[in-house]
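Engineer: Submitted below is the structure of interest, expressed as structure tokens.
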Amino acid sequence: MADAKIHALIQAVNRLVVEDTGTRSLATDNQLVGRVTRSDRRRLAPLADNLDLPARLAPRPGEPDSRAEIRAALTEVVAGCAGVLEPREPVPETANKYGRARLGTAMSRAYAAFATPRLVSRLVPNGRPDDLGVFPVPTVEGDVAAARAIAVAISARNGRPEETIVTELVAAGRGAVAPAAAQMLLRSRPGFAALPAPERNALTRMVGDHLESVFESSDPQRLRAGRNPIEVMQDRQTAVGVGAGAVTGASIRATEEIQHLHRFFGQRGWPAAVEQPESVYELCERIQGAVGELTGAPESRWNGTLQEELGQAPDTTLRLTREHAMALGKLLESSAGRPLEPVDASAAREAVQVAASSYARWAVPAEYDDRHEAATQAVATRFAAIEQAVGTAFAEDNFREIVDRSLPAELADQVRRAAPPEPDREYAPAARGFAAAVDTAVGRPPGETLRQMAGEGPLRMAQVAAEALVADSAVENVERPFAHRLITDEIDKSFEELPLDDPHSHGRQTAKVAEAMAEVYGDDPGTARRESAAVDRAQAGDPLRFAPGHDPAAAAPRGATVPATAPTAGTSVTSTRAERHDRDR
């Protein structure tokens, strides 16, 4: 019973942290409890037993005050909950993983030092900040002092309160503290907003990498027993210097780079600025164009119609709810000086995400025509799961680029900073796990396979991944069409099983099976041809599957181009030999 009360208390604290930061937690209830040490759970037991009236815990005259231990344990719980918040945007890769983890942990602890006294009063109805006694002014050391110094340095540059900055940095989510700090720092720099979106994003990554690299390379400063006050003060000054110096160094580098970019574009000519859309429909056209640029697929299956959402869309009409359409209208009427209310900004962000996911599902190469569309419609239900998985994953992973290409900087910034919608946890993780495993198998940069899949239409999404695996194998040229067909069928059938409890693992396992099939067909010439013929005999009379070269939809509108900003594929690596194995269904 006591354990149940403690678990309920930890979950209540987590809900308060989520509400305070306006985001969601990555951890389940059991995972949250597991992040709290046994000693802290033991110290929280008296509060859990008296949560209805915490004033009972006040000591009687002459008795020691045990509430100090409760306050310390609560602060640890708040820090732990803050450290597992879901990122608002996809977190970029980093070469400084240790530095990223140190900075994130330190900022979570800095937030807990500020927020815990405030959150305590909300644990019970009509609660007060002093229900557990007076929280002392926090004394921060080591990494926490360095993280707080970052917030103070940013505060000095943009005039916003330190506590607000710390809260927003934590609310950016796990792994995203440095990118969020970089955005805050750069928004205050003259000339940054005038830069084109790709340069702004690259500069943000550069500054975030610099902050993480400082934490990667600096010596951890921690309390050590037996130090005298002078040593404590010296270590604290060193830690503060690390944080403040990181911001100063990043600011100098950013200023130099902004000046260089302004000189460069002044000499070569500035790219056309993203103009303000005049209507919600024009904004949707912009989003469709941005998806086309990023996927390298300039055409779209979108029928050009925008309607209010009335049930499930049976065709390629873009449907938005009335709330979404109104939020986008308010967004276009807003400005940096008159920003949206948080609820409208969140609705506008969700609307952009809905439109981007739809357009990512409908992106197709230039050669796609009515003949291919008719064939696609004939078998649409069979490929609905992979279409939704790939389109949603691509839109979520490329949200920043899509917004920056569709809206002026001051409106794009409002959308990106808004609370994100609930991500797709049933389909998109499968596509993300599958595409990432293929990228690794064939030596591609992250995101390349997903980009290609999103630009081919639902019937060829799996086939472009199969072709990449076969091209990286020893399959003979004459056998490759048969290998493509068999591996494509295996991938498509696997995605038909969605949704599942663990779609990400399912996607990765699907990629491993597909890779193993390619290796078998390379090791045993003739196997792919024989197995393909056997499938033809087994599927005789099935109008939904065709032999290679006979399906007008799978016969390839080819020629999707790589956008200028997309990464190019790296050098292939030879796959290790693997015995073919059946997927564990």
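Engineer: In region 422-438, which residues are over 16 Å from the mean Cα position of the chain (by Cα) and open to solvent by less than 10 Å² (accessible area, probe 1.4 Å)?
Structural biologist: Result: 434, 438.
Engineer: Filter region 111-129 down to residues that are touching a helix residue (DSSP H, G or I) at 6+ places or on another chain (Cβ under 9 Å) and part of a loop (DSSP other than H, G, I, E, B) and give me whichever is most open to solvent (accessible area, probe 1.4 Å). Walk me through how you get there before you give the answer.
Structural biologist: Within region 111-129, the subset touching a helix residue (DSSP H, G or I) at 6+ places or on another chain (Cβ under 9 Å) is 111-120, 122-124, 127-129.
When the remaining residues are screened for being part of a loop (DSSP other than H, G, I, E, B), the result is 122-124, 127-129.
Details: 122: 97, 123: 34, 124: 21, 127: 23, 128: 132, 129: 82 Å².
Only one residue fits best here, namely 128.
Engineer: Could I ask something else about it? Across region 23-46, what is the number of residues that are loosely packed, with under 15 Cβ neighbours inside 10 Å and under 17 Å from residue 74 (Cβ atoms)?
Structural biologist: 4
Engineer: A further question on this structure: Cβ-Cβ below 9 Å, separation at least six or inter-chain, first residue in region 16-42 and assigned to a loop (DSSP other than H, G, I, E, B), second basic (Lys, Arg): which pairs?
Structural biologist: Close Cβ pairs satisfying both conditions: 23/88; 26/174; 27/35.
Engineer: When the residues of region 47-61 are narrowed to those that are over 39 Å from the mean Cα position of the chain (by Cα) and open to solvent by 90 Å² or more (accessible area, probe 1.4 Å), which ends up nearest to residue 7 (Cα to Cα)?
Structural biologist: In this case the residue turns out to be 56.
Engineer: Just a yes or no: is a residue in region 487-495 within 23 Å of the chain's Cα centre (by Cα) and either over 20 Å from residue 381 (Cβ atoms) or open to solvent by less than 30 Å² (accessible area, probe 1.4 Å) (or both)?
Structural biologist: Our first condition is that a residue be within 23 Å of the chain's Cα centre (by Cα); within region 487-495, this holds for 495.
Filter again for either over 20 Å from residue 381 (Cβ atoms) or open to solvent by less than 30 Å² (accessible area, probe 1.4 Å) (or both), leaving 495.
Within region 487-495, one or more residues are within 23 Å of the chain's Cα centre (by Cα) and either over 20 Å from residue 381 (Cβ atoms) or open to solvent by less than 30 Å² (accessible area, probe 1.4 Å) (or both).
Engineer: Got at least one residue in region 244-258 being modelled with pLDDT under 85, touching a helix residue (DSSP H, G or I) at 6+ places or on another chain (Cβ under 9 Å), over 24 Å from residue 108 (Cβ atoms) and surrounded by fewer than 22 Cβ atoms within 10 Å (Cβ to Cβ)?
Structural biologist: No; the residues of region 244-258 include none that is modelled with pLDDT under 85, touching a helix residue (DSSP H, G or I) at 6+ places or on another chain (Cβ under 9 Å), over 24 Å from residue 108 (Cβ atoms) and surrounded by fewer than 22 Cβ atoms within 10 Å (Cβ to Cβ).
Engineer: Out of 200, 205, report the one residue that is touching a Phe, Trp or Tyr at 6+ places or on another chain (Cβ under 8 Å), open to solvent by 10 Å² or more (accessible area, probe 1.4 Å) and either among the basic types (Lys, Arg) or farther than 15 Å from residue 248 by Cα (or both).
Structural biologist: 200
Engineer: If a residue must be buried (at least 24 other Cβ atoms within 10 Å of the Cβ) and either within 17 Å of residue 513 (Cβ to Cβ) or of a type in the set (S, T, N, Q) (or both), how many such residues does region 454-467 contain?
Structural biologist: 4
Engineer: Looking at this structure, is residue 338 modelled with pLDDT under 90, open to solvent by less than 30 Å² (accessible area, probe 1.4 Å) and under 26 Å from residue 275 (Cα atoms)?
Structural biologist: Judged against the criteria, residue 338 is not a match.
The values are calculated or read from the model by the stated rules, or taken from the named source; none is laboratory data. Source: prediction; values computed, not measured. Please note: Cβ atoms are built from the backbone with ideal geometry, for glycine as well, and neighbour counts cover all protein chains shown. Note: areas computed on protein heavy atoms with side chains; ligands, DNA, RNA excluded. Shrake-Rupley method; radii C 1.70, N 1.55, O 1.52, S 1.80 Å.
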